[in-house]
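Working notes, structure below.
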Amino acid sequence: MSEAPVRLAVLVGSVREGRFAPTVARWFARQADRHGGFEIDVVDVAETTLPLAMTGAGAGPLAARLAVADAFAVVTPEYNHSYPAALKNVVDWFHAEWQAKPVAFVSYGGISGGLRAVEHLRAVFAELHAVTIRETVSFHGAHGRFDSDGETTDTAAELAAKALLDQLEWWARALRDARGVRAYPA
């Protein structure tokens, strides 16, 4: 008997025109697919229609996609030593959807590789009762690390992705089992 795959929502966290996030997200989704054990749903923040004011309108379809996910991988650039405002809006719109689920980070940027954005996101997801994965994938000088087909020869990134996915799968299965036994006491 095989276990059900981990439902992984990959959040594409940038909405800027000319953004690089889809390239990084597609690469990571391919890594997750090769890893095995994941059913992948790419959730592009640029395609959401959430207003800034949290009125409850417009959250339904996205809420359903996030609610069924067993785990999340956030693909984020670093903007001004933090993460994009559009990503913050999506994260803040939801609460129960994140609870008792693991969150991994794939970041990119200049010299810091987006790691300052990840450090800010860790605190936000802790407040939402999510478990953040220690391992990360970080692309320093990301535009120069991918070819025109969206592939990279960065073997360190591939090794980092495998370590991240190993941990993410472990936490996702453990927390899914735990939520099946007992409701999370938020």
I want to check the label-to-label distance for E119 and K88. Put each point 7 Å from Cα in the C-beta direction and report it in nm to one decimal. 1.7 nm
Amide H contacts under 5 Å for A73, restricted to residues at least 5 apart in sequence or on another chain and with H modeled in the peptide plane, are A9, V10, L11, A104
Binning at 5 Å from 0, report for the range 1-106 what percent of all alpha-carbon pair distances ends up in each bin. 2, 12, 23, 24, 20, 12, 4, 2, 1, 0
Out of T132, T155, T23, any idea which swings most in a Gaussian network model of the chain, alpha carbons joined below 10 Å? T155
Write down Rg/Rh for the range 86-128, rounded to two decimals, with Rg from the C-alpha atoms and Rh from the Kirkwood relation over Cα pairs. 1.00
Length-normalised contact order of the range 1-129 in % [C-alpha pairs under 8 Å, at least 6 apart]: 28 percent
Overall dimensions of the range 1-42 as given by Cα atoms, namely Rg and Dmax in Å: 12.4, 46
Using modelled amide H (1.01 Å from N, peptide plane; none on Pro or chain starts), what sits under 5 Å from the amide H of A130, excluding residues fewer than 5 places away? A100
Rounded to 5, percent antiparallel among DSSP beta bridges of the chain: 5 percent
Per the rule of 0.36 nm per residue minus the C-alpha distance, extending E3 to A67 adds in nm 21.1 nm
Please list V43, V124 in order of solvent-accessible area, largest first, computed with a 1.4 Å probe with all protein chains present. V124, V43
If exposed means GluC sites (Glu not before Pro) lying in a DSSP loop and surrounded by at most 16 other beta carbons within 10 Å, then the longest stretch of the chain lacking such sites spans residues 18-150
Return a whole-number percent for the relative contact order of the range 61-147, with Cα pairs under 8 Å and 6 or more residues apart as the contact set. 33 percent
Pair A46, R134: separation of 7 Å Cα→Cβ label points (nm): 3.5 nm
Computed over the chain, the Cα gyration tensor eigenvalues, each multiplied by 5 and square-rooted, give semi-axes in Å (largest first) of 24, 21, 15
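The values are calculated or read from the model by the stated rules, or taken from the named source; none is laboratory data. It should be emphasised that the depicted structure is a prediction, and the values quoted were computed from it without experimental measurement. Glycine also receives a Cβ, built like all others from the backbone with ideal geometry; neighbour counts cover every protein chain displayed. SASA here: full protein model, heavy atoms, side chains in, ligands and nucleic acids out. Shrake-Rupley method; radii C 1.70, N 1.55, O 1.52, S 1.80 Å.
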